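Presented below is the structure to which this report refers.
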Amino acid sequence: MKLIFLGPPGAGKGTQAAGVSAHLGVPHISTGDMFRSAIKNQTPTGIEAKKYLDAGELVPDSVTIAMVKERLSMDDAKNGYLLDGFPRTVDQAIALDAIDAPDAVVDIDVPDERLLSRLTGRRVCGKCQGTFHISKLADEHTCPVCGGEVYQRADDKPETIATRLKAYHDQTEPLIGYYSGLGKLRRVDVASLASVDGDSRPEDVFKAILASLE
Ligand code: ADP
Ligand code: ZN
C-alpha cells in the first residue's frame with residue numbers, strides 16, 4: 001500500500017502515521033523528521049534546509065523532491081510507503097506521480113482554531129521522536145514512553161506557527177483538489193469525532209483512518 005497523509009500542521013499526522021505504518025507494515029517516511037535529522041547531522045541538505053524550517057517556510061521543491069526520491073529508492077520502500085508531510089506542493093505531487101504514485105491520500109481535516117493550542121502545547125521526545133501535548137504530561141520534561149527528554153520544536157512558537165498555517169493553506173491545500181480529481185482522496189473529518197472535552201481521541205482517529213481505506 002502506498003499512502004499519503006495530508007493535513008495541516010498539528011493535525012496529528014505524525015502520531016497517526018506511526019500507528020498506521022506499523023499496522024500496514026510499510027515504512028513511515030516523514031520529510032519533517034528527515035530534515036530535522038539532516039540539520040542535526042549537518043549534512044548538505046540539512047544546512048540548506050535549516051533557514052526554511054526556522055522560518056516556518058517550505059524547503060524548496062528541488063531539495064525536498066531529491067531527498068524523497070532517494071528515500072523511496074531504498075529497499076524497505078519496495079512494498080509500499082506512508083508519506084507524512086510530502087507532497088506539500090502541487091509540483092511535489094506531480095514529481096511523486098513520476099517516481100512512485102500513491103494508491104490513496106488520507107486528508108486529516110482539523111479546523112484551524114483547534115490547531116493553535118495543539119501546536120503551542122506540543123512537545124517532542126528527543127530520544128524516540130514521540131509527540132505529546134503538554135497537558136497530558138505528568139512531568140513536562142520527561143517522555144512518558146521512553147523516559148527521554150522532551151523539548152518544544154523551535155517552529156512551534158506562535159509567530160512561526162502562523163507562517164506554517166499560511167503555507168499550508170496557500171501551497172498544500174490545493175493538493176486536495178489534485179488528488180480528488182484523480183479519485184484518490186479519502187477524507188477523515190476529525191471535528192466530527194470530537195469527544196466530550198472538545199478534542200478527538202487519537203484511537204478514534206486511527207479507526208476512522210483505517211475505515212477510510214477500506
Ligand atoms: P508540521 O506538519 O507540523 O508543520 P513537519 O515536521 O511535517 O511539521 O515539517 C516541518 C518543516 O519541515 C516545515 O515547516 C518545512 O519547513 C519542512 N518540510 C517538511 N516537509 C516538507 C515538504 N514536503 N516540502 C517543503 N518543506 C517541508
Ligand atoms: Zn521518548
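A short reminder: the numbers here are calculations on the coordinates, not readings from a lab. Source: prediction; values computed, not measured. Note that each Cβ is placed from the backbone with ideal geometry, even for glycine, and that neighbours are counted across all protein chains shown.
Given the C-alpha atoms of region 122-192, compute the convex hull and give its volume per residue in Å³.
Dividing the Cα hull volume of region 122-192 by its residues yields 142 Å³.
Given H placed on each backbone N at 1.01 Å, which residues far from Asp107 in sequence or on other chains put an amide H within less than 5 Å of it?
Amide H neighbours of Asp107: Leu6, Arg186, Arg187, Val188.
Can you list the HN-Hα couplings for region 77-89, worked out from phi with the Karplus curve (6.51, -1.76, 1.60; θ = phi - 60°), rounded to whole Hz and with x for Gly and Pro?
9, 5, 9, x, 7, 10, 8, 10, x, 8, x, 10, 9
Cut-off is 10 Å between beta-carbons; in what order do Thr172, Thr15 appear when sorted fewest neighbours first?
In order of increasing Cβ crowding within 10 Å: Thr15, Thr172.
At most 12 other Cβ atoms within 10 Å and a DSSP loop assignment: could you name the GluC sites (Glu not before Pro) in region 115-204 that fit?
For GluC sites (Glu not before Pro) across region 115-204 that sit outside H, G, I, E and B with at most 12 neighbouring Cβ atoms in 10 Å, the list reads Glu140.
Calculate the FRET efficiency for Thr15 and Ile176 from the Cβ-Cβ distance with a Förster distance of 25 Å, rounded to the nearest 0.05.
On the way: r = 21 Å, r/R0 = 0.84.
E between Thr15 and Ile176, to the nearest 0.05, is 0.75.
Work out how much length Lys184 to Ser62 would gain on full extension: take 0.36 nm times their residue separation and subtract the Cα-Cα distance, in nm to one decimal. It would help to have the intermediate numbers written out before the result.
Details: separation 122, 0.36 × 122 = 43.92 nm, distance 2.48 nm.
Taking Lys184 through Ser62 to full extension adds about 41.4 nm, to one decimal.
Just tell me the longest site-free run in the chain, where the sites are trypsin sites (Lys or Arg not before Pro) in a DSSP loop having at most 13 other beta-carbon atoms within 10 Å.
The longest such stretch corresponds to 128-214.
Roughly how many nanometres apart are two label points built 7 Å out from the Cα toward the Cβ at Cys146 and Met1?
2.5
Over the Cα atoms of the chain, compute the convex hull volume and normalise it per residue, giving Å³. Intermediate values should be presented prior to the final figure.
Numbers: hull volume 26.0 nm³, N = 214.
Cα convex hull per residue, to the nearest whole number: 122 Å³.
So what is the calculated 222 nm ellipticity per residue for the chain, using -39500 (n - 2.57) for each DSSP H run with n of 4 or more, over all residues, to the nearest 500 deg cm²/dmol?
When only DSSP H runs of four or more count, the value is -13500 deg cm²/dmol.
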